[in-house]
Amino acid sequence: MTSLTSWRRTVATAALSASLLVGGIASPAGAADNPYQRGPEPTRASIQAARGPFAVSQTSLSRWLVSGFGGGTIYYPSDQSQGTFGAVVVAPGYTADQSSMAWLGPRIASQGFVVFTIDTSSRYDQPASRGDQLLAAADYLTQRSTVAGRIDATRVALMGHSMGGGGTLEAAKDRPSLKAVIPLTPWNIDKTWPEVVTPALVIGAQNDSVAAVTSHARPFYQSLPAATPRTYLELRGASHFAPNTSNTTIAENSIAWLKRFVDNDTRFTQFLCPAPSGTAFSAVSSSCPF
């Protein structure tokens, strides 16, 4: 009996060890509770890093091969051993193209997402049109792109700058199933968003002279429903164009938001609640705890 008990214990231990392996690399026990969890235990340094734990590949898509938006660049984790990933579509602002947001592509993808930085049909498209184009791009990415098999189509987020940021709110109003939106120094003629139930991280800029926070980012945030998970971060001394160049404050908070709400990874809650603070911000508000 003693030998049989010992043998059973050995088998059970081996089975447990095997269940904690993902792609041959030991994975935290929490991964068994959350099938969307990707990557090692996060730290402040890991979400601030210029590159995360995943190697990234990319592919370009001509505007002539799609309809409903203007093509773009897809950045995706090269590793296929951990299953599918959530998707993030990123739109530029008025008169800009995808190059203005290109820095976000590999940075976010390296944290375990498929990221699509898009061009719009016209440089002059307004927020409502950009919202439609974000959704068209998301549908293409998850259903018809060459990397569709790497994506969990039920877990999609949107990011956008300026009118692209206003477009993320338009899209969230139209498609409540989105997992997260991140409007970056957003602009929109519509100031109230009581229809948006998608978790929203609104990032404004204190010295924004194009989309002043008093008439754009702040009222957008304040109009979101009380039940919607939401955070407002205002970058101290920053201009409207802060999201157009590599910015660690934007990156780390966006990554934490996407991990928490697209991957349902509560390991990242520590970076969001309590709300971020410090000299990087001129104003902060949050609905924590989520």
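What follows draws every value from the coordinates through simple rules; no lab data is involved. Bear in mind the structure is a predicted one, so any value in this text is a computation, not a measurement. Backbone-built Cβ (ideal geometry, glycine too); neighbour counts: all protein chains shown.
Of the DSSP H helices in the chain, those that are both long (alpha-carbon extent of 20 Å or more along the helix axis) and hydrophobic (Kyte-Doolittle mean at least -1.0) are 2-19, 127-143. Phi-derived couplings, Karplus 6.51 cos²θ - 1.76 cosθ + 1.60 at θ = phi - 60°, listed residue by residue for the range 48-63: 8, 5, 5, 9, x, x, 9, 5, 10, 10, 8, 8, 9, 10, 5, 5 Hz, with x used for Gly and Pro. For the chain, adding -39500 (n - 2.57) for each run of n ≥ 4 DSSP H residues and dividing by the number of residues yields -8500 deg cm²/dmol at 222 nm. Considering only Leu61, Val262, Gln98, the residue lying farthest towards the positive end of the dipole of the range 46-286 is Val262, judged by Cα position with unit charges set on Cβ. About its Cα centre, the dipole of the chain is roughly 540 debye, where the only charges are +1 on Lys and Arg Cβ and -1 on Asp and Glu Cβ. Residues in the range 177-189 carry Karplus couplings, in order, of 6, 4, 8, 6, 9, 9, x, 10, 5, x, 10, 6, 6 Hz; the curve used is 6.51 cos²θ - 1.76 cosθ + 1.60 with θ = phi - 60°, and Gly or Pro positions show x. Between amide H atoms placed 1.01 Å from N, distances below 5 Å from Val88 occur with Val114, Val115, Phe116, Ala157, all of them 5 or more places distant or on a separate chain. Stretching Arg123 away from Ser239 to a fully extended chain increases their span by 39.7 nm, per 0.36 nm per residue minus the current alpha-carbon distance.
Using θ = phi - 60° in the Karplus curve 6.51 cos²θ - 1.76 cosθ + 1.60, the 3J(HN,Hα) couplings for the range 210-221 round to 9, 10, 3, 4, 5, 10, 10, 4, 5, x, 4, 4 Hz; x is entered for Gly and Pro.
Normalised by the number of residues in the range 46-286, the mean separation of alpha-carbon contacts (under 8 Å, six or more apart) gives a relative contact order of 17 percent.
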